[in-house]
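K.L.:
Next up is a structure, given as structure tokens.
The values are calculated or read from the model by the stated rules, or taken from the named source; none is laboratory data. Since this is a predicted model, take the numbers as computed values, not measurements. As a convention, Cβ positions derive from the backbone with ideal geometry for all residues, glycine included, and neighbour counts pool all protein chains shown.
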Amino acid sequence: MDSLQALAMTESTSSSSARKRQREIRDAVLPCLGHAGTNAGHVDRTLQRLHQAGIVEKPPSKGSVRHRDYRIRKDWLQETTMTATLPLTDDREHQWPVVDVLKATEAMAEANPAYGKKLLEAVFRVGQETSIILYCDEATPGNPLASCVQRKAYLFYIGYKCMRPRPGSWITVAALPSNLLIDVIGGVAGATTVLLRALTPCWNGRTLLIAGQRIFCKLRLEAFSGDEAGLAACLAAKGASGRRPCWLCSNLISKLCRDQLLERGQANVLNKFVTIDEADKTKYSPATDTSIYAALDSLSACAAVETKGALEDLSKNLGWRHEPRGPLAQPELRSLLRPAATVFDVLQLDAM
Ligand SMILES: [Zn+2]
């Protein structure tokens, strides 16, 4: 079939009239090519231009393009999605669609043979785990100049580490709209736990059919990336505005915290710490998974016996929130999600 198609293509491109037609088609759709990705609107605009150029006689109506797009999306979800149970307040539950990354990968490879070939060449290795990067981002669909906060959502993506991290190569795994989030027990951190557990079939591995080849694929979470605020929400960290602005630096404190220590005459403590205006990179000491887990364990021990005020104070000093539903509080997820392997904004670094 492939060789027949190739033959047909060489025959048609060899004639000059076919080349002329190709040019006409290209010129007609050129103004439509500036858009990243595809959606029903772009397809409709492209068909209309082809119609104006006399290439497509009877383009389908906008409604039928939208309907077909909806059907394709729905089929895709049905084929690749599992449901995870999000516990909500008032004993309610929400059946949360989470994309099975391995199933989605298989479906994408089937739809796009070049992608499947690339996966075999660069991503999946027989007998080895496949490293992926989980990415969390906040997005508000609609008009960026008049954004509607009710539509804001946390989005989770997964990308294969060995693929160039282009936005198009990421698989959207789950979306958490803010009107749902408001009722989720444990907030974004609680949902992150549910998500990581839902992906257990992918961490355990499965045999996939990629580009005609059967291969056993088992995913390994190599890094968790996102902007600082998004990651802090997912991991239940206090975030950049607190006393401890970064969980990846074990000796970093905020400037406000430094000033308070100076005011209290505790300048001697300061030689153990650096502040975020420190230009010498070598002075920052990196946190390890062990040191982070020790901090989190001391926080849960404190929560069991101390007052709310004492817990809050310790939480500020450690830079972590006490969140029993968060992913780092789950013993079985500790070997999967390593907090020291969080990376700030891999997608935006790539764009630079
Ligand atoms: Zn840091």
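K.L.:
Of the residues 108, 82, only one is touching a Gly at 6+ places or on another chain (Cβ under 9 Å) and assigned by TED's automatic domain parsing to the domain that holds residue 221; which?
P.N.:
On the way: 82 fails: touching a Gly at 6+ places or on another chain (Cβ under 9 Å).
From the options 108, 82, the qualifying one is 108.
K.L.:
Considering only residues that are crowded, with 23+ Cβ neighbours inside 10 Å and part of a loop (DSSP other than H, G, I, E, B), look in the stretch 220-245 and name the one that is nearest to the ligand (Cβ to nearest atom).
P.N.:
Applying the filter and picking the extreme gives 244.
K.L.:
Among residues belonging to the stretch 104-136 that are in contact with a Cys (Cβ under 8 Å, 6 or more places away or on another chain) and assigned to a strand (DSSP E or B), point out the one that is surrounded by the fewest Cβ atoms within 10 Å (Cβ to Cβ).
P.N.:
So in the stretch 104-136, the residues in contact with a Cys (Cβ under 8 Å, 6 or more places away or on another chain) come out as 105, 122-124, 130-131, 136.
The next check asks that each one be assigned to a strand (DSSP E or B); those that pass are 130-131, 136.
Numbers: 130: 22, 131: 15, 136: 24.
Taking the candidates together, the pick is 131.
K.L.:
Name the single residue, out of those in the stretch 260-295 being within 12 Å of the ligand (Cβ to nearest atom) and hydroxyl-bearing (Ser, Thr, Tyr), that is farthest from the chain's Cα centre (by Cα).
P.N.:
Applying the filter and picking the extreme gives 275.
Here's the yes/no breakdown for (1) farther than 18 Å from residue 224 by Cα; (2) touching a Lys or Arg at 6+ places or on another chain (Cβ under 8 Å); (3) assigned to a helix (DSSP H, G or I):
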| residue | (1), (2), (3) |
| --- | --- |
| 270 | yes, yes, yes |
| 295 | yes, no, yes |
| 298 | yes, no, yes |
| 304 | yes, no, yes |
| 311 | yes, no, yes |
| 340 | no, no, yes |
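K.L.:
Tell me which residues, restricted to the stretch 137-174, are outside any loop (DSSP other than H, G, I, E, B) and exposed (fewer than 15 other Cβ atoms within 10 Å of the Cβ). Give the steps one after another, and end with the answer.
P.N.:
Filtering the stretch 137-174 down to residues outside any loop (DSSP other than H, G, I, E, B) leaves 137-139, 144-146, 149-151, 153-160, 167-169, 171-174.
Those that are outside any loop (DSSP other than H, G, I, E, B) and exposed (fewer than 15 other Cβ atoms within 10 Å of the Cβ): 139, 144, 145, 146, 149, 150, 151, 167, 168, 169, 172.
K.L.:
Looking at (1) in contact with a Leu (Cβ under 6 Å, 6 or more places away or on another chain); (2) within 14 Å of the ligand (Cβ to nearest atom); (3) free of Cβ contacts under 8 Å to residues at least 40 places away in the same chain, which one does residue 249 not meet, given that it meets all the others?
P.N.:
(1)
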